[in-house]
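Report on the structure given below.
The values are calculated or read from the model by the stated rules, or taken from the named source; none is laboratory data. Everything numeric in this text was worked out from a predicted model, so none of it was measured. Every residue, glycine as well, gets a Cβ built from its backbone with ideal geometry; the counts of neighbours run over all protein chains shown.
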Amino acid sequence: MSHTAAPQFRGRIFADARSGFHSAPHRYDLSLSLSCPGCLRIAITHALLGLADSVPLTPLPAVPDRAEGGYSALHGAYAATRHGFTGPAVAPVLRDRWTGRIVSNHAPHILRDLATRFRGPDAPELYPAAAEAEIAALGELCENGIDAAAQRAGRREADTGATAELLAALDAVEERLAEPGGPYLLGARITAADVRLWVTLVQLDTVHRWHLGADTVQRIADHPWLWTYARRLLALPAFHGNLRLEEIHRRHHAHCRGLEAAGAAVQIIDWTAAEPAGSYV
């Protein structure tokens with residue numbers, strides 16, 4: 001049975017107090033399900049920026065609790081934002097606490113607005129202007145070259161070209177990380193590209209791996225710089241503090257209709273064990 005699509009709210013936060021939504025501390029809150037990759041990226045960004053007090057975060061269950069695929073806890077905010085709302089109340093949600101209305105449920109906009117409108121003087125600059133093009137290109141590589149390619153490679157009617165595309169994308173990231181210049185994708189400082197890649201790698205090992213052949217998983221694992229990097233980021237509180245492995249598994253198995261493959265038994269890394277992180281942030 002098909003469900004009504006969730007409405008898309010694309011409000012933005014502005015610095016100017018004369019705008020509809022301006023960056024006033026304590027005005028907004030977040031509702032996130034950490035089993036969702038988009039929500040996990042937002043939660044990590046929120047933690048890196050130290051926004052726990054100024055933009056409170058409410059965790060949601062791993063799996064939506066309503067038949068149409070939404071969350072009961074978010075239904076009031078959706079109803080307050082759209083008259084006659086009947087669709088799924090999905091996460092993520094950035095809500096205006098003054099009005100009870102949703103500003104945005106679009107993860108890329110939420111990420112950008114948190115990082116640019118609420119960043120304090122001591123927080124990392126996750127979207128440095130000089131790296132905008134590289135961050136966008138790496139995001140595209142994660143979305144299409146890794147995540148989408150892994151999904152296609154794991155289907156019952158496996159796309160052999162997708163496996164080659166996936167491995168080529170991982171090779172490209174491996175080469176970048178092997179270059180001297182710093183522990184992160186763009187050098188000595190963490191950026192939004194690192195958050196994006198790390199969550200993509202979590203999904204690759206904890207979700208997509210279940211549908212890939214053992215040989216493919218072994219070839220994915222054969223990227224030592226990449227997986228050492230993943231373990232190093234895991235040591236940072238913003239990353240390991242928001243990782244909910246059991247919730248990711250629960251969400252995957254609640255929605256997945258694919259067949260388990262031989263690669264399911266070949267875990268790439270132990271996501272409970274981190275590499276020493278050093279003082280990188």
Name the pairs whose Cβ atoms lie under 9 Å apart, with the first residue in the range 1-17 and modelled with pLDDT under 75 and among the β-branched types (Val, Ile, Thr), the second exposed (fewer than 14 other Cβ atoms within 10 Å of the Cβ) and not in a strand (DSSP E or B), and 6 or more positions between them or separate chains? 4/86
Identify all residues within the range 143-161 that are more than 22 Å from the chain's Cα centre (by Cα) and not β-branched (Val, Ile, Thr); write none if there are none. 155, 156, 157, 158, 159, 161
Would the range 192-205 turn up any residue that is of a type outside the set (Asp, Glu), in contact with a Gly (Cβ under 9 Å, 6 or more places away or on another chain) and outside any helix (DSSP H, G or I)? no
Taking first residues from the range 22-43 that are small (Gly, Ala, Ser) and second residues anywhere that are part of a strand (DSSP E or B), the pairs with Cβ under 6 Å that are 6 or more apart or on different chains are 31/58; 31/93; 43/32
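Residue by residue through the range 114-134, note down the ones that are assigned to a helix (DSSP H, G or I) and either surrounded by fewer than 21 Cβ atoms within 10 Å (Cβ to Cβ) or among the basic types (Lys, Arg) (or both). Break it down into steps so the answer makes sense when it comes.
Let us first name the residues in the range 114-134 that are assigned to a helix (DSSP H, G or I), namely 114-117, 129-134.
Hits for the range 114-134 are 116, 117, 129, 130, 131, 132, 133, 134.
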Given the conditions (1) farther than 22 Å from residue 195 by Cβ; (2) assigned by TED's automatic domain parsing to the domain that holds residue 85; (3) touching a strand residue (DSSP E or B) at 6+ places or on another chain (Cβ under 6 Å); (4) not hydroxyl-bearing (Ser, Thr, Tyr), every one holds for residue 14 apart from (2)
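Can we say residue 63 is of a type in the set (Val, Ile, Thr), closer than 20 Å to residue 103 by Cβ, part of a loop (DSSP other than H, G, I, E, B) and modelled with pLDDT of 95 or more? Talk me through it step by step, then tell me what you get.
On the way: of a type in the set (Val, Ile, Thr): yes; closer than 20 Å to residue 103 by Cβ: no; part of a loop (DSSP other than H, G, I, E, B): yes; modelled with pLDDT of 95 or more: yes.
No, not satisfied.
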Checked against (1) among the hydrophobic types (A, V, I, L, M, F, W, C); (2) surrounded by fewer than 20 Cβ atoms within 10 Å (Cβ to Cβ); (3) more than 30 Å from residue 67 (Cβ to Cβ), residue 234 satisfies every condition except (2)
Any residue that is touching a strand residue (DSSP E or B) at 6+ places or on another chain (Cβ under 9 Å), of a type in the set (Gly, Ala, Ser) and under 20 Å from residue 227 (Cβ atoms) - is there at least one of those in the range 158-168? no
Determine the pairs where a residue that is among the small types (Gly, Ala, Ser), located within the range 203-221, has a partner that is part of a helix (DSSP H, G or I) and surrounded by 17 or more Cβ atoms within 10 Å (Cβ to Cβ) with Cβ atoms under 7 Å apart, the partner being 6 or more residues away or on another chain. 213/263; 214/263; 221/227
